[in-house]
Amino acid sequence: MNIKKSFNITVLIKKKIKINKKIIEYKLKRRRGMQSIRLAIYADGNFVVTAPRWYPLYVIRKFIEEKAEWIFERLKNIDLNELGEKKKEDQINYLANKAMAMAAIRNKVRFLNRHYNFIYHRISIKNQKTCWGSASRKGNLNFNYKIIDLPEDLQNYIVVHELCHLKELNHGSKFWELVAESVPEHEKLRKQLKEKSKTI
Ligand SMILES: [Zn+2]
């Protein structure tokens, strides 16, 4: 489970739309409990459309078409060259630090799992923009290599959070009780992490 996701379950699909003879790619997020459509264009050029689950696709497409001018304006202002440089630099940084991050995180997982004794399969170190860690249904643990730059207590919280998802896949009360066994101050740390996420 993505550590930054809230309780809403989100489905994400890649889509394309043709406006003014140009093909624009976007990611469509279907979210339960949402009442209207939201468009977002991120600094990396990612175009994300969030819509209520029950909205028909033609309504969403029509909405995007109506906002075409705004979309083109935003996309135009994104400097792809500069973006490419940043991405390259980020990738070099990732490759340089991946092995070290793996060693540090593997130790942490082992140590913190002594309390839980959960069974996990693979640990992966990733370079992600939006997520510190995740756990899969198959029992694989993924961590962002940048967590090694975080303060120790936040690192421990992330590892414990993902470990506990091996038992509880949601963020229900049982999940938080499990987390609290090792990290009683998890609420405070979660807020701190949210702040840090803005600069990830
Ligand atoms: Zn989670």
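The values are calculated or read from the model by the stated rules, or taken from the named source; none is laboratory data. Here the structure is a predicted model, which is why all the values come from computation and not from measurement. Reconstructed Cβ throughout: ideal geometry from the backbone, glycine too, with neighbour counts over all protein chains shown. What goes into the accessible areas is simple: the full protein's heavy atoms, side chains included, and nothing from ligands, DNA or RNA. Shrake-Rupley method; radii C 1.70, N 1.55, O 1.52, S 1.80 Å.
Between helix 80-116 and the chain, what is the angle of the helix's C-alpha long axis to the longest principal axis, kept within 0 to 90° and rounded to the nearest 10? It is inclined by approximately 30 degrees. When the listed pairs Lys129/Lys194; Lys86/Lys188; Lys15/Lys174 are checked against a 25 Å cut-off, the alpha-carbon distance exceeds it for Lys86/Lys188; Lys15/Lys174. When the pairs Lys22/Lys62; Lys14/Lys126; Lys108/Lys191; Lys167/Lys191 are compared against a 18 Å limit on Cα-Cα distance, Lys14/Lys126; Lys108/Lys191; Lys167/Lys191 fall above it. For Lys21, the aspartates and glutamates whose Cα comes closer than 14 Å to its Cα, not counting residues fewer than 8 places off in the same chain, are Glu65, Glu69. Between helix 57-66 and the chain there is an angle of about 60 degrees, using the helix long axis and the longest principal axis of the Cα atoms. Among Pro52, Pro184, Pro151, whose mean-square fluctuation peaks in a Gaussian network model of the chain (Cα, cutoff 10 Å)? Among Pro52, Pro184, Pro151, the largest GNM mean-square fluctuation belongs to Pro151. The solvent-accessible area of Asp44, taken with every protein chain present and a 1.4 Å probe, is close to 60 Å². Surface listing: Tyr58, Tyr26 arranged by accessible area from highest to lowest gives Tyr58, Tyr26, probe 1.4 Å. Out of the trypsin sites (Lys or Arg not before Pro) in region 86-179, which ones are loop residues according to DSSP with at most 14 other C-beta atoms within 10 Å? Qualifying residues, ordered by number: Arg122, Lys129, Arg137, Lys138, Lys167. Compute the Cα gyration tensor for region 90-180, then decide on rounded, prolate or oblate, letting a ≥ b ≥ c be the square roots of its eigenvalues: rounded whenever a/c is under 1.5, prolate when a/b is larger than b/c in the other cases, and oblate in all that remain. Here region 90-180 falls in the prolate category. Given R0 = 22 Å, the distance between the Cβ atoms of Glu25 and Glu85 translates into a calculated FRET efficiency of 0.50. Ordered from highest to lowest accessible area with the whole protein assembly present and a 1.4 Å probe, Ser173, Ser182 read as Ser173, Ser182. On a straight-distance basis, which aspartates and glutamates could pair with Lys76 in a cross-link, Cα separation under 15 angstrom, same-chain partners fewer than 8 positions away excluded? Here the aspartates and glutamates satisfying the reach criterion relative to Lys76 are Glu25, Asp44.
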